[in-house]
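First the structure, in the form of structure tokens, and then the observations on it.
The values are calculated or read from the model by the stated rules, or taken from the named source; none is laboratory data. Note that this is a predicted model, so its numbers are computed, not measured. We place every Cβ from the backbone using ideal geometry, glycine too, and count neighbours over all the protein chains shown. For the accessible areas, the whole protein counts, side chains as well, though only heavy atoms, and no ligand, DNA or RNA atoms are used. Shrake-Rupley method; radii C 1.70, N 1.55, O 1.52, S 1.80 Å.
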Amino acid sequence: MTLDLWRRLVVRRVVEKKLRFGLTLLGIAVGIALFLAIQILNHSTVQSFRQSLERVSGQAALTVYTGGASFSEEVLAKVEGTEGVKYAIPLVEARAFYEADGQFQSFTMLCVDLLKDGGVRSYQSGGRDLIEDPLVFLNQPDSLMLPRAFTRKLGLEMESPLELFGATGRKRFTLRGILDDDGAAKAYGGGIGIMDIDGCRQTFGKVGLLDKIDIVPKEGVDVAALEARLRSELDGLGLKVGRANDQAAAFEVMVTAFQKMLSFIGWLAVLVSFFIVTDTVQVAIAERTKEIATLRALGASRRRSFGLLLWESLTLGTLGSALGLLLGVLLAHKLMGEISASLSTQFVRDIEIDAIHVEFRHVVMAFALGLTSCFVATLVPAWKASRRDIVQDLRNRTEDESSGRSGGDAWKAVVGTVAFVAMALLVRARWSARWPAFYGVEAALAIVALIWLGPALVDLVLGGLSRVVGRGPPGRTRFLAALALDNLRRNRERTKSNVLGLVVSLGLVIVISTINASARSNIMGWFRKTLHSDLVVSSYGNLLNNRSQVFSEDIRSRIEAMPGLKEEAGIKTYAVRWINFEHGGVDITVKAFDPPPPSHLLDVFDLIEGPSAKEIYRKIFVPGDRVYALASSSYFRTFGVKIGDEIEIRTTSGPLRIVLAGSVVDYASPNGVVYLSREVYRKYWKDPLVAAYFMNLENPSRLADFKARFDREFFDVGLQALSNHAVLEQGEKSVNDAFGFTRAIELSAVLVALFGLVNTLFVSVLGRIREFGMLRSVGSSKSQLRKLVLFEAVILSGVGAFVALCFGYALSRFWVLESLPEMLGWPLRFVFPYASVLKVLGLGIVVGIVSGWAPSRLVTGRSPTELMREDG
Amino acid sequence: MNSVVVEARGVRKSYVQGETRFTALDGVDLRVSRGEFVCLMGKSGSGKSTLLHLVGGLEKPDGGEILVEGQSISGFSDEHLSRFRRTRLGFVFQFFNLIPTLNALENVALPRLLEGEGMAQVETKARELLKRMDLGHRLEHKPNQLSGGEMQRVALARALVSDPALILADEPTGALDSKTSDTVLTLLRSLAVENGQAILMVTHDNKAASFGSRLVRMQDGRLAETP
């Protein structure tokens, strides 16, 4: 195609029909934006983690770590004594909480041996001395260093005080070093502090413990050989030896399932854009049959007319994809915080996306996808259009699409049904867990089912509606409704294409809403069942989000001395501690409990299968020859074990063999949660810290009084008593954090759906202007014409909504009951959010009516002869 | 030089409508020479438009042969036929069939733009033709800004832009008033007389047919008079 022809026949047309093509463009843009944003965020999640790791690791070639729990400092001597080790630099990481604007914020505190650390990590301070007086810094255990940007955020300068909450309570620290925002100071998005290791461990309850040992090898030492030697030296202690890359790779594996789910949503968004383009192309072709026939008559070959339509679509695709790229980057920025919060909640650890990392390949892929989907959406309609009968089209005699097609549709419906059943069986068989390529097969089958079963459903519904309308009371309204239905059924291909786009986009919204609703309902239900005590003592922050400060168990006697606590079987309070660590190649959570009062045992654990409460109590909390534990259903699924099996967990004191006594519901970790007695935990992990104490009151009606007294009494140590209601609120916040990002995706999907609907209805009406002229000329009034258009709009959007509901319900049922348990390890009860779904569908119908109103005004505003002369 | 521009030999064409087979042309022979203005007349369904479309390569005959400038077009591929229509034919339709997004100048230039030429190459010729059609003041106007007669004159100019040997007109005055019809028909006649182009026009209007140099009547898919 020459530039002249392109400019005149393609660009000018796009500019003249700017509303219609603008809607299509936006539909493409939003779909591509969502896809790109998800690719960027998935990549940025891993990159941010990798960069933070590298910044913290600095020059270290290897690191000793557990990936969760702290380990004894005795390990340091073993590492230092290993042949080939030049420096072994200990590191402790803690979470430091501070109060700002009435809320508790936190940052990562690195506790380092400042005398040795310079050999590994770099700290810059504008060319001046790092610390004004190094001896003062080291000799004062309250000394603290912060990055420059962070000090500005907190409004601090040298020698400013900063109050932090640690394991031993509230403490005041003094800023004695400001770091340039570079090197280690940029780790974790700059939300980092540096303290000397000794004072830091004291503050954060990690005396005698370490979190990492960074290793600098001697010159000329083979790093791989050193790694092997260290592994051998530290075997059986539950420790890992690896490079920064290994940890990043492990992290990537951990978040894979979540990222796959996000990617799937991104692909669905592209599919919706595809249907929007198909809609536009089909209607554009339908209204230009005469124009295309004229071009053919004037000498445009089939190839050229095919090319013309493709160029039009590619022009739209280029503009839409370009806009989508811009929106995608903006959307990624917007969703950064939500995704970080969601990941942190789901994996119960701090995961921060501190910057958007946009790779050229993501941009190219998103752009190419936009163009490709436009190209593919146009191929078949354009090919068909280029082969139409020139003479028939010049005479404006369009084919009756309803003739001779029903046989073809029947076999498509069969194939669609088979595809749906095949997808269901594949999901059930969980082949995708063993062979990830099957995820793609399942998705492809779902799409085939939708594309071929969907139209059959549409036919069925329209046929049913026709029969119902046919039996209605005679009159003009019935006639108009029947005419509207007849129009839609006659233009079968266009109707199906219109409805399908709507089905996919509304279906996406329904699936996301249902997953949200099911997860929320299940998780909150679980919280309500297991968080039953009158009060929970914790530090400030979000306990359930693992964003609160752990504290020493030494405080227990002071707590139990408070009057008003209920005692049962000698138990006034019981503590819980939970940690994440690597087990069997994945991250799991261990929850360590003190024995609760016997009558509350089954309140603490949401037992699915296992022995009696008495038996559980005896096995887990009464010391015996064997160690027993409960495990979450996700643990059993992940590791393929059953009740009664013995498992081995590598602790920092050596291997711990545990017999699985029962299974429980727990949403804390996708890979599994193990419930242990805290006595066993302390023995093997040598960790006396706790996350919370649970307690009940003799007189629950005096809860407010007790809480007020408690908060006053324990303010100095940074502890508070949370009511059951307050903890559930924290739980709700955790769930909102985990799923907050889906709101943006739902909104995008709704926008795409609505764009598609408006575009569909607008072009559908405008493509039949002459037909409306004919109706006016034979006596139809303006109001009848308006009603006809509105009937079609309501029927299209209503049928689309209904079919979307059917597909959305079926697909989301599968996701919640089969796919999500597989991907996230969470067993879920299916909860369908009827109210939300009906709102969205209702919105779709309202938008349908509005979308039909505007073109109907256009049609009724002209005389019949003007309409009949209209070339569309 | 052979002056026969179009020759139809034993041309047959039938259609299937539902379950009925309908014969539109039943062995038609026709010749049109340079400078001839031949009018095809007949009732609706007589096959006149079908013959026109077959000569223009818009459809293929079921039997017989059609030669244009001595070349049989019956066996042409789509690419070949399309090129043939761009370069050797000019079409004028009843309802003008102008492209709504193009102005008068661009509509006229369209066949040559489809041939791959640039606007700069075609513009001069297109302007001349429009001036000749007395539309020199309407070059930038789009079809929805032109009257029926003006649109038909633009269509006529378009039909001439490639200097075709043959102009096919399908009821060119069907949508025009009598005065405008006379103008268009006079222009067509002058093309035959002055330029020597062969014109084959379908009409059901006796007055329009009187502008032709030869009248051919069709009935039931056959010529009622000898060519």
For the interface of B with A, what's the total buried accessible surface in square angstrom, probe 1.4 angstrom, rounded to the nearest hundred?
2600 Å²
Run through the stretch B:91-170 and list the GluC sites (Glu not before Pro) located in a DSSP loop whose Cβ has at most 11 other Cβ atoms within 10 Å.
B:140
Tell me the Kirkwood hydrodynamic radius of the stretch A:1-102 in angstroms, computed as one over the mean inverse distance between distinct C-alpha pairs.
20.2 Å
How large is the Kirkwood hydrodynamic radius of the protein assembly as shown, counting all unique pairs of alpha carbons, in Å?
34.9 Å
Over the stretch A:192-299, what lengths in whole Å, largest first, do the semi-axes of the equivalent ellipsoid take, defined as the square roots of 5 times the eigenvalues of the alpha-carbon gyration tensor?
64, 20, 14
Normalised radius of gyration for the stretch A:806-848, please: alpha carbon Rg relative to 2.2 N^0.38 Å, two decimal places.
1.42
Grab every C-alpha pair in the stretch B:1-157, bin the distances at 10 angstrom width from 0 up to the longest one, and report whole percents.
10, 32, 32, 22, 5, 0
Summarise the partner chain shielding of A:287-299 as one whole number: the mean count of Cβ atoms from other chains within 10 Å of each residue's Cβ.
6
re the stretch B:88-158: pairs of Cα atoms spaced beyond 20 Å account for a percent value of 17 percent
Averaged over peptide B:88-101, how many Cβ atoms belonging to another chain are found within 10 Å of each residue's Cβ?
5
Partnerless cysteines, meaning none of the other Cys C-beta atoms lie under 4.7 Å away, in chain A
A:374, A:806
List the lysines whose alpha-carbon lies under 21 Å from that of residue A:384, not counting same-chain residues fewer than 8 positions away?
A:290, A:412, A:496, B:60
Hey, what number do you get for chain B at 222 nm if only DSSP H runs of n ≥ 4 count, each worth -39500 (n - 2.57), divided across all residues, to the nearest 500?
-9500 deg cm²/dmol
At R0 = 30 Å, how high is the FRET efficiency between residue A:493 and residue B:217 if r is their beta carbon distance? Nearest 0.05 is fine.
0.10
Nearby aspartates and glutamates by direct alpha-carbon distance to residue A:707 (threshold 16 angstrom, same-chain neighbours under 8 apart not counted)
A:534, A:560, A:698, A:716
Over the protein assembly as shown, what percent of the accessible surface lies on carbon and sulfur atoms, probe 1.4 Å?
54 percent
Could you tell me which GluC sites (Glu not before Pro) in the stretch A:667-761 are loop residues by DSSP with no more than 13 other beta carbons within 10 angstrom of their beta carbon?
A:698
Past the 21 angstrom mark, what percentage of all C-alpha to C-alpha distances in the stretch B:129-205 do you count?
23 percent
Starting from the amide H of residue A:87, placed 1.01 Å from N in the peptide plane, find each other amide H under 5 Å away whose residue is 5 or more places distant or on another chain.
A:216
Calculated on alpha-carbon atoms, Rg and Dmax of the stretch A:629-776 in Å:
28.0, 89
Counting DSSP beta bridges with both partners in the protein assembly as shown, what percentage is antiparallel, nearest 5?
70 percent
Quick check on chain A: helices-only [θ] at 222 nm, where DSSP H runs of length 4 and up contribute -39,500 (n - 2.57) each and the sum goes over total residues. Nearest 500, please.
-19000 deg cm²/dmol
Axial C-alpha extent at least 30 Å, average Kyte-Doolittle at least -1.0 - helices from chain A (DSSP):
A:18-57, A:244-287, A:302-347, A:360-386, A:406-429, A:437-470, A:492-530, A:724-766, A:782-814, A:834-860
